[in-house]
Every structure is written in structure tokens, then in C-alpha cells.
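Data first, discussion second: the structure below is written as C-alpha cells.
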Amino acid sequence: MTKEFKIYTKTGDDGTTGLVGGTRVKKYAPRLEAYGTIDELNSLLGVIRSLEVPAEIVDFLIQIQNKLFNIGSRLASDEKGDEFTSKLAVRNEDIEVLEQAIDRYQEGLPELRNFILPGGELSVAQCHVARTVCRRAERRIVEFSEQEKVQPELIKYINRLSDFLFVLARYLGQQKGAKETPWQY
């Protein structure tokens with residue numbers, strides 16, 4: 001039997017948090033901004049899953065959420081923790097899976113001739129919110145990578161994920177008959 005996991009430890013009451021590996025860092029550190037934004041993105045994908053979307057998309061979003069937990073773990077690992085989380089690294093195959101999904105869902109979509117405004121239907125709008133949080137996560141990870149080594153495939157995966165979320169928004173909109181609203185300047 002395993003020991004029960006306590007929700008509160010009180011170790012963060014001083015404004016620090018522990019990394020995988022044991023190092024303590026300030027809660028506002030760029031590393032925490034990076035993996036905290038990944039956590040926020042993961043939660044948004046959970047919101048999308050709770051809406052009326054096809055089962056195959058729910059299943060794919062669960063795969064992505066698991067990958068995001070891996071990414072968060074990698075970003076939360078100090079040098080000692082890297083040994084423990086190295087098996088969670090992003091592989092080129094993970095990026096290819098996203099690219100294949102982008103191609104598959106984009107196949108029947110009308111050609112994009114204008115920027116489109118987010119919205120049209122709740123699941124579509126949530127995909128756009130998730131896309132913008134994904135872009136922010138990418139910015140935070142790139143910023144963090146200027147201080148510490150970050151696996152390049154991890155950055156590529158997050159970049160590709162934002163593209164997928166854009167295509168998914170358009171796909172769901174088409175499936176639900178939601179009209180795309182072009183940007184008018």
C-alpha cells in the first residue's frame with residue numbers, strides 16, 4: 001500500500017516551490033511561469049473535452065494532456081530531476097502526430113483568406129482561448145530556454161500544438177455549422 005498523498009505541505013508558504021530533484025526556487029521564476037502556463041493550457045484542454053466534441057477528439061485531447069503533463073514535468077526538473085524525467089522527453093514522433101492531425105482536420109476546411117475572429121460556438125471559442133494560452137506557454141518556454149537548457153523538440157511540440165488548436169477550432173466550427181467571422185480592418 002502506498003502512503004496517502006497530502007495536498008498541502010506548507011513548504012511553499014515562504015514563496016518558494018520544490019522542483020523535481022529537490023531544488024527550491026521562487027514561485028515567480030521563469031521556469032515556473034513556463035510550466036505553470038503548460039498547466040493552465042492542460043486545464044483548458046480539459047474544458048474543451050467537457051464540451052460537445054466528437055469522441056475521437058476527446059481521445060486525442062487526452063493524449064495531448066498526458067504529453068503536457070510530461071512537458072510540465074520536464075520543465076519542473078532540476079539537473080538531478082532530469083535523470084528521473086528523461087523518459088518523458090518529447091520525441092519527433094510526437095510532433096509528427098500533431099502534424100498528421102493538423103493535415104487530417106484541415107483537409108475539408110475552406111481556404112483561409114482572412115484572419116478570423118475567435119468565437120462562433122463555445123467549443124470553437126475555447127479552442128481559440130487554448131491556442132492563445134499555448135502561444136503564451138511557448139513564449140515562456142523560449143524565455144526560460146535562454147537561461148537553462150530546454151529540449152528543442154519540446155518547443156517545437158508546443159508551437160505545433162497551437163497550430164493544431166487553430167485548425168481544431170475551424171474544424172469544430174465547420175462541424176457545428178458555426179460561421180467564421182472575418183477580421184474587418
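The values are calculated or read from the model by the stated rules, or taken from the named source; none is laboratory data. Worth saying up front: this structure is predicted, and the values here are computed from it rather than measured. All Cβ positions, even for glycine, are placed from backbone atoms using ideal geometry, and neighbour counts span all protein chains on display.
Here are a few things to note about the model shown:
- Only helices (runs of 4 or more DSSP H) whose full extent lies in segment 75-185 are considered here, and the ones with at least 1 residues that are modelled with pLDDT of 95 or more are 92-106, 122-145, 152-175.
- Any hit, segment 68-82, residues being free of Cβ contacts under 8 Å to residues at least 40 places away in the same chain and out of contact with any helix residue (DSSP H, G or I) (no Cβ under 8 Å at 6 or more places or on another chain): no
- Subset of segment 107-134 [under 14 Å from Ser162 (Cα atoms) and either exposed (fewer than 13 other Cβ atoms within 10 Å of the Cβ) or among the polar types (S, T, N, Q) (or both)]: Gln126, Thr132
- Of all residues in segment 135-185, those satisfying the criterion of being surrounded by 17 or more Cβ atoms within 10 Å (Cβ to Cβ) and among the small types (Gly, Ala, Ser) are Ala137, Ser145, Ser162, Ala169, Gly173, Ala178.
- Extreme residue, nearest to His128 (Cα to Cα), among residues of segment 57-72 that are over 13 Å from the mean Cα position of the chain (by Cα) and surrounded by fewer than 18 Cβ atoms within 10 Å (Cβ to Cβ): Val58
- Scanning segment 42-56 for residues that are over 15 Å from the mean Cα position of the chain (by Cα) and closer than 19 Å to Gln106 by Cβ turns up Val53, Pro54, Glu56.
- Among the conditions (1) touching a Phe, Trp or Tyr at 6+ places or on another chain (Cβ under 6 Å); (2) surrounded by fewer than 20 Cβ atoms within 10 Å (Cβ to Cβ); (3) within 14 Å of Ala137 (Cα to Cα), the only one that Ile95 does not satisfy is (3).
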